[in-house]
Amino acid sequence: MHVRQLVSRAVGQIDLESVEIPDAPASGGIIATAGATLISPGTEVANYLGKTTQRTPETTEPYLPGYSFAGIVTAAHPDAPFQVGDRIAGPLPHASVADEARPERLARMTRIPDGVSDTEAAFTQLAAIALNAVRAGELQLGHRVVVIGAGLVGLLAAQLARLNGAHPVVTLDLFPERRAKAAELGFASFDSDNAHDQAELHELAPDGFDVVIEATGSPLAFVPALRLATRGGRVVLLGSTRGTIPDFSPYDDIHLKGLTVVGAHVSTSPRQATVRDKWTEAENRRLLLELIADSRLDVDGLVTDFVAPTEAPAAFDALADDPARHLGIAIDWSRP
């Protein structure tokens, strides 16, 4: 069958193409029709612009973006873990219809509970990325937390830190539009370049923050993140920092303060539960969908744009060129 799918055949170029997929699922696999997909403003846009090591001519050309899919299973092999009619969320591409039979991919898909829309469910993967960082921070009730970067994953991480008992939870961002969005969600938000804001931030945590979550992905934010942490604090790298770090002194910025710096890529989530750690990526996704269903995790407020598939290529440019105004962009595959 022919389906519509976003395809990037060169850096800085993306198109909606007609792509052929099998009419029937492969052994153990499924075919699912999309309701909504969510564009990742970090990884996907970086890959689109050729700013990551993940995209090389030898490995991933053409680049097929998308890993935040929500839809319904329309065909299933008898050995598949899902049945026709199941609503699922998981790492499928930006496509009107997608097929998947790889066990490791199917294991990363989750049934969507009643009361959760496709657009909400499409946030599951990005929320799992944020939750992995919050767990890596080893938060305790009353820990002071600052999230650097009030973008999509940053605001998800801030909400999850608050749900975990951190207090206060504050955000930092250079863009006033993002600070306003953080305020809508109930967070004090500060401009890291504003001296008055810096003074207020210091009043909240005179000795520094117990946990600092770096969610910008910019190497320029790494040293400020270290300096915001209290002695013995934890700095969690959520934003997939790319590039070299200027003016960095491990002795002064980490060693003397006894800091712990933790990488929190979602691939570090355990695949198998243990006696000491039950929170696999699958369990995290299940929990996140429950939190969304119970209105305890706000994802609707993070959507700034709904676009048709034909408008999706321009949406990638919008995220690259004007990240202050565009936060969460959802593609509605029911539209032509």
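The values are calculated or read from the model by the stated rules, or taken from the named source; none is laboratory data. The structure displayed is predicted, hence computed values, not measured ones. All Cβ positions, glycine included, derive from the backbone under ideal geometry; neighbour counts span all protein chains shown.
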Taking segment 316-329 and the residues there that are touching a residue at least 60 places away in the same chain (Cβ under 8 Å), small (G, A, S) and surrounded by fewer than 24 Cβ atoms within 10 Å (Cβ to Cβ), the one that is farthest from A89 (Cα to Cα) would be A324
What's the number of the only condition in (1) touching a residue at least 60 places away in the same chain (Cβ under 8 Å); (2) within 17 Å of R234 (Cβ to Cβ) that P176 fails to meet?
(2)
Reported set for segment 213-226 where residues are out of contact with any Asp or Glu (no Cβ under 7 Å at 6 or more places or on another chain) and surrounded by fewer than 24 Cβ atoms within 10 Å (Cβ to Cβ) is G217, S218, P219, L220, P224
Taking strands (runs of 3 or more DSSP E) that fall entirely within segment 210-324, which contain at least 2 residues that are hydroxyl-bearing (S, T, Y) and in the same structural domain as G42 (by TED's automatic domain parsing)?
none
Within segment 187-209, which residues are over 19 Å from P176 (Cβ atoms) and not in a helix (DSSP H, G or I)?
A205, P206, D207, G208, F209
Say whether the condition of being closer than 15 Å to E61 by Cα and either touching a residue at least 24 places away in the same chain (Cβ under 8 Å) or outside the structural domain of P62 (by TED's automatic domain parsing) (or both) is met by at least one residue in segment 20-42.
no
Out of L152, L92, L141, I need the residue that is of a type in the set (A, V, I, L, M) and more than 27 Å from P309 (Cα to Cα). Which one?
L141
Every residue in segment 265-299 that is among the polar types (S, T, N, Q), at pLDDT 85 or above and surrounded by 13 or more Cβ atoms within 10 Å (Cβ to Cβ), please.
T280, N284
